[in-house]
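This is the structure I want to talk about, given as C-alpha cells.
The values are calculated or read from the model by the stated rules, or taken from the named source; none is laboratory data. Quick caveat: nothing in here was measured; it's all calculated off a predicted structure. With ideal geometry, Cβ positions are generated from the backbone for all residues, glycine too; neighbour counts draw on all protein chains shown.
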Amino acid sequence: MTSDHIFTQAVHAGEGESPPEGRPISTPIYPAATYTYADMQTLSDVLGGEREGYVYTRHGSPTVAALEKAVATLEDAEDAVALASGMAALHLALTQAGVAPVVAASDLYGATHTLLARLQPTLRAVDVSDLDATRAAIEEARPRAVLLEVISNPLLKIADLPVIAGMAHGVGATVVVDSTFTTPFLIRPLEHGADVVVHSATKYLGGHGDAMGGVVATDAGRATALRELLKVYGGNLGPFEAWAILRGVKTLPLRMREHCTNALKVAHWLKTHPRVSRVWYPGLPDHPQHDLARRLFRAGCFGGVVAFELRDAGQVEVYRFMESSKLVKTGPSLGDVTSLILYPAMASHRAMPREERYRLGITDGVVRLSVGIEDVADIVADLRQALAVL
C-alpha cells in the first residue's frame with residue numbers, strides 16, 4: 001500500500017525491503033521486537049512451534065540465536081539458551097532442574113548464595129574439595145540438583161567434576177556447573193559429567209566490559225524446557241547485547257591464553273612480595289588441587305583470576321591499596337581485557353555474614369584480581385607501587 005500522506009510515509013517508508021543478495025559475514029543485529037508473515041496460517045504455525053521462525057523477541061531473536069549456537073558449539077552442547085544476566089541464567093537452570101533439595105558447594109559466588117537463600121530450597125552446603133564429605137552430603141540429601149563452580153569464587157578451589165558428577169548421577173541428581181571462571185577454553189564440563197553449564201557471559205565470553213548476559217548450555221530437551229520457562233520469566237537477552245557478546249566470543253581463545261599466561265606470572269610474583277601473606281592460584285605447585293587442575297584443564301592454563309591476602313590488613317589497608325592502583329582498575333566484575341581488582345568482603349560476598357565468610361577463608365585482607373591482557377610487566381609494576389603504600 002502506498003500513501004501520499006507524510007504521517008504514513010514516515011512510519012512505513014524503507015521498511016519491508018527484501019534482504020540483500022549478498023550474505024553478511026558478521027551476524028547482523030535484529031532489533032525488531034515483532035515479526036510478521038504473509039499469511040495468518042504461517043504466523044500460527046510459528047507461534048505453535050510447528051514451523052521455525054520468529055514472532056516476538058521474548059520467544060527468540062536471530063541475533064540471540066547466533067550467540068546461542070556459538071556457545072553450544074564451544075561447549076560441545078546440543079543447545080544453549082541466552083539470558084539477560086548470569087544470575088538469570090543460573091536462576092532458570094536451577095528452576096528447571098528442581099530447586100529442592102539442592103547440594104551446593106559452600107564456596108560459591110556471593111550472589112549465588114543469596115539466590116539460594118531466597119529460593120529457599122532444602123539446601124546442603126558442602127566443601128566440594130572434600131570428596132568424602134561431598135559423597136556423604138549427596139547420599140544423605142539425595143538432591144534434585146548439585147551445584148558447583150569448577151574454580152570457586154574467590155579462593156579458587158578446584159572441584160573434581162568427573163567424580164562429583166558420578167556421585168550426583170548415582171542418586172539421580174542434575175549436575176549444574178557455573179563455568180564462568182573456566183570458560184570452554186579451559187574445560188568443557190559436559191564432557192566431564194555435567195548436565196547443565198552456566199556462564200555469566202558478561203565476563204570472559206563477552207570479555208570487553210560492555211555487555212551483560214548469561215548463557216545455559218545443555219542438551220536439547222532441557223534447552224526446550226528452559227525456553228518455555230523463559231517465555232514466562234521474561235529475562236531475555238537483548239539483540240544488541242547478544243551481538244556484542246558474540247563478537248567477544250570470536251577472540252575468546254586468544255584472550256584466555258593471555259589471561260592465563262599473565263595470571264601465572266602475577267601469581268608467582270605476588271608469592272615473593274613481603275606484604276602478601278598468601279596467594280591462591282591453581283597454577284602454583286603449592287595449590288592443594290594443582291595436580292587436579294592439570295588433569296582437568298587445557299595444558300598450561302589455570303584461569304585468569306588470582307586471589308591473595310594482604311599481610312596484617314583489614315578494610316582500611318585494603319582500601320588504601322586498591323585506591324593506589326592506577327593501571328589495575330577497581331570494579332565488581334572479572335574477565336575483562338582490563339585488569340580488575342575486587343574486595344570480596346565489600347562486593348561479591350557483601351551479603352554473607354562475616355563469621356561465615358571467615359569460615360570459608362575469606363578474611364578482611366583477601367583481594368581478588370582478574371588479570372587482564374595488558375603487558376604483564378605493567379600489571380606487576382602497578383601492583384608493586386600500590387603495595388608500597390602499605
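Just the residues that are within 19 Å of Asp130 (Cα to Cα) and not in a loop (DSSP other than H, G, I, E, B), please, taken from region 274-289.
Trp280
Kindly indicate whether any position in region 328-346 is out of contact with any helix residue (DSSP H, G or I) (no Cβ under 9 Å at 6 or more places or on another chain), surrounded by fewer than 14 Cβ atoms within 10 Å (Cβ to Cβ), outside the structural domain of Ala125 (by TED's automatic domain parsing) and in a helix (DSSP H, G or I).
Within region 328-346, not a single residue is out of contact with any helix residue (DSSP H, G or I) (no Cβ under 9 Å at 6 or more places or on another chain), surrounded by fewer than 14 Cβ atoms within 10 Å (Cβ to Cβ), outside the structural domain of Ala125 (by TED's automatic domain parsing) and in a helix (DSSP H, G or I).
Might you let me know whether region 233-240 holds any residue that is within 29 Å of Ile362 (Cα to Cα), at pLDDT 95 or above and of a type outside the set (Phe, Trp, Tyr)?
Within region 233-240, none of the residues are within 29 Å of Ile362 (Cα to Cα), at pLDDT 95 or above and of a type outside the set (Phe, Trp, Tyr).
Taking Ala111, is it surrounded by fewer than 24 Cβ atoms within 10 Å (Cβ to Cβ), assigned by TED's automatic domain parsing to the domain that holds Leu74 and in contact with a helix residue (DSSP H, G or I) (Cβ under 9 Å, 6 or more places away or on another chain)?
In short, yes.
Count, please, the residues in region 278-294 that happen to be closer than 20 Å to Asp382 by Cβ, touching a Lys or Arg at 6+ places or on another chain (Cβ under 8 Å) and in contact (Cβ under 8 Å) with a residue 40 or more places away in the chain.
Qualifying residue count for the region: 0.
Among the residues of region 158-183, count how many are under 20 Å from Arg135 (Cα atoms) and either polar (S, T, N, Q) or at pLDDT below 95 (or both).
Qualifying residue count for the region: 1.
Could I ask something else about it? Kindly provide the set of residues from region 219-262 that are outside any helix (DSSP H, G or I) and closer than 19 Å to Lys203 by Cβ, ordered by number.
Answer for region 219-262, where residues must be outside any helix (DSSP H, G or I) and closer than 19 Å to Lys203 by Cβ: Gly235, Leu237, Gly238, Lys250, Thr251.
How many residues are under 30 Å from Leu246 (Cα atoms) and surrounded by 12 or more Cβ atoms within 10 Å (Cβ to Cβ) when one looks only at region 1-32?
Final tally of qualifying residues: 6.
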